[in-house]
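To start, the structure itself, in structure tokens.
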Amino acid sequence: MVDTGIRSSHADMGSNTLNPAVAGGWNFGNNVPLSTYPNGDGHGTAVAGIIGARCNNSLGVAGIAGGDNTLGAGVRLYDMTVLQRFPNSPVTVIPASAVASAVVEGAMGWVRSTYGNKLWVINISLGSANRSLGHAVRTCYQNSVVLTASRGNSGDAASGNPLSYPACFPDEWVMSVSACGTDGQIKRPGTGGPLDPTDNNYTSSYGAGIDVMAPGTKRLIRTTGNASNSSYVGFNGTSPAAPHVAGVASLLLSYHNPTAAMAGLEAEDVEQIIQRTASDREKDINNVTLPRGYDYYSRWGLLDANKALGFIDQYTYQIDHTYGVLTPATRGTLPPGCTLTLVAANQTLELDEPYDGVYLRSYGVDVYRLTATFPYQRSSNLAAEILNA
């Protein structure tokens, strides 16, 4: 994740387990190792918790892709810090050059080179009107990396609010994520925490090619905090919305691509699955009902992790077509492996045409079910033919 830094020592990041959430990274803001500024920053730590806080560890929160226990796989986060600090000064900045370097190095990965991390998913909960990240973001696309980005908290793009990048780069390059409020519709004033004006009153950006919405209010979000190794905070805006999508993208890739081999789902597949399984929302920014389907405000709708995973659910049953031969038996006995079960007694059978010397009339009959069982050994090398695909 490209952000302001992660407090990797947080207990919910699994820092004292065999499976810590933070696997590595670099401080691109100051071009130094992460250990130079080890405690991260509140924004980055909160984003990291949404994606990868460890699950079922009896601690505060569970990340979307945090694994099912402290020894499970779980997502591995790379802390690509882009916050630049200055000695003896509280001032910090985020240079565009640092973001570009982090994105390119995260996306690249060569078999014959040590350069790059070859990340599968990159989340950027940052944005500006600067388009200089274009080449870096396109590099993600060219390397089949899922890139999720927060759309911003400035309302309608058509009302003069500046476009935010990287979220507003071409659709195929990036998944642009807006925020929903407590009612599951596009975040607008009055759909946050009623006692917190900053949470209640802001408006999510929309338009300009957003893809889906995800939660963006403190009333819905609790995540890892940066004050200590056991702190937790609420989080609002499109900054927490984007990592919700990144977490689901990570689940999709881990479920369908259990190894590191480049096979299975591509970035375009992940985007289409998340979009097509989103839950449709029908309200505009003024709470007016819209026609069903893709629209200007919520686009494809609200992120639905359950439907997305169900879309690629592996088969539960398999049908094998085979055949067998029953050994002929003498009259009055059943062949080996056969059973005869009475289904219904004293039924009436009407013949409307002669059959094998039997006359036309009503007959009293008993109905039996004949079941034939024969041994069948399934081969481990099966050939399959798919018809009408």
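The values are calculated or read from the model by the stated rules, or taken from the named source; none is laboratory data. None of the values given here were measured: they were computed from a predicted structure. As a convention, Cβ positions derive from the backbone with ideal geometry for all residues, glycine included, and neighbour counts pool all protein chains shown.
Identify all residues within segment 323-373 that are at pLDDT 75 or above, loosely packed, with under 10 Cβ neighbours inside 10 Å and of a type in the set (Lys, Arg); write none if there are none.
Within segment 323-373, 361 is the sole residue that qualifies.
Any idea which residue in segment 169-187 is nearest to residue 210 (Cα to Cα), counting only those that are crowded, with 24+ Cβ neighbours inside 10 Å and more than 18 Å from the chain's Cα centre (by Cα)?
186
Touching a residue at least 24 places away in the same chain (Cβ under 8 Å), within 29 Å of residue 141 (Cα to Cα) and more than 20 Å from the chain's Cα centre (by Cα): does that describe residue 17?
It is false that residue 17 is touching a residue at least 24 places away in the same chain (Cβ under 8 Å), within 29 Å of residue 141 (Cα to Cα) and more than 20 Å from the chain's Cα centre (by Cα).
Residue 62 fails exactly one of the following numbered conditions: (1) free of Cβ contacts under 8 Å to residues at least 60 places away in the same chain; (2) surrounded by 21 or more Cβ atoms within 10 Å (Cβ to Cβ); (3) among the aliphatic types (A, V, I, L, M). What is the number of that condition?
Status for residue 62: all satisfied but (2).
So, residue 213, is that one in contact with a Lys or Arg (Cβ under 8 Å, 6 or more places away or on another chain), of a type outside the set (Gly, Ala, Ser) and in contact (Cβ under 8 Å) with a residue 24 or more places away in the chain or not?
Criteria met by residue 213.
Every residue in segment 20-41 that is without any contact (Cβ under 8 Å) to a residue 24 or more places away in the chain and surrounded by 15 or more Cβ atoms within 10 Å (Cβ to Cβ), please.
The one that is without any contact (Cβ under 8 Å) to a residue 24 or more places away in the chain and surrounded by 15 or more Cβ atoms within 10 Å (Cβ to Cβ): 20.
Kindly indicate whether residue 64 is in contact with a Pro (Cβ under 7 Å, 6 or more places away or on another chain) and among the aliphatic types (A, V, I, L, M).
In short, no.
Within segment 218-245, restricting attention to residues that are in contact with a Phe, Trp or Tyr (Cβ under 9 Å, 6 or more places away or on another chain) and not in a strand (DSSP E or B), which residue is surrounded by the most Cβ atoms within 10 Å (Cβ to Cβ)?
Residue satisfying both the conditions and the ranking: 236.
Could you list all residues from segment 23-57 that are among the aliphatic types (A, V, I, L, M) and under 19 Å from residue 244 (Cβ atoms)?
46, 47, 48, 50, 51, 53
So is residue 248 assigned to a helix (DSSP H, G or I), within 20 Å of residue 179 (Cβ to Cβ) and either modelled with pLDDT of 95 or more or of a type in the set (A, V, I, L, M) (or both) or not?
Yes.
hydroxyl-bearing (Ser, Thr, Tyr) and either in contact with a Pro (Cβ under 9 Å, 6 or more places away or on another chain) or under 25 Å from residue 237 (Cβ atoms) (or both) - does that describe any residue in segment 102-120?
no
From the list 206, 294, 232, 255, which one is modelled with pLDDT of 95 or more and of a type in the set (Phe, Trp, Tyr)?
Matching residue, one of 206, 294, 232, 255: 232.
Do we find that residue 200 is free of Cβ contacts under 8 Å to residues at least 24 places away in the same chain, more than 13 Å from the chain's Cα centre (by Cα), closer than 30 Å to residue 160 by Cβ and surrounded by 19 or more Cβ atoms within 10 Å (Cβ to Cβ) in this structure?
It is true that residue 200 is free of Cβ contacts under 8 Å to residues at least 24 places away in the same chain, more than 13 Å from the chain's Cα centre (by Cα), closer than 30 Å to residue 160 by Cβ and surrounded by 19 or more Cβ atoms within 10 Å (Cβ to Cβ).
Go through segment 20-58 residue by residue and tally those that are in a loop (DSSP other than H, G, I, E, B) and under 20 Å from the mean Cα position of the chain (by Cα).
Adding up the residues that qualify gives 5.
Do you know which residues across segment 83-129 are assigned to a loop (DSSP other than H, G, I, E, B), among the polar types (S, T, N, Q) and free of Cβ contacts under 8 Å to residues at least 40 places away in the same chain?
Hits for segment 83-129 are 88, 113, 114.
Give the residues of segment 130-147 that are within 11 Å of residue 96 (Cβ to Cβ), among the aliphatic types (A, V, I, L, M) and not in a helix (DSSP H, G or I), sorted by residue number.
Scanning segment 130-147 gives a single hit, 133.
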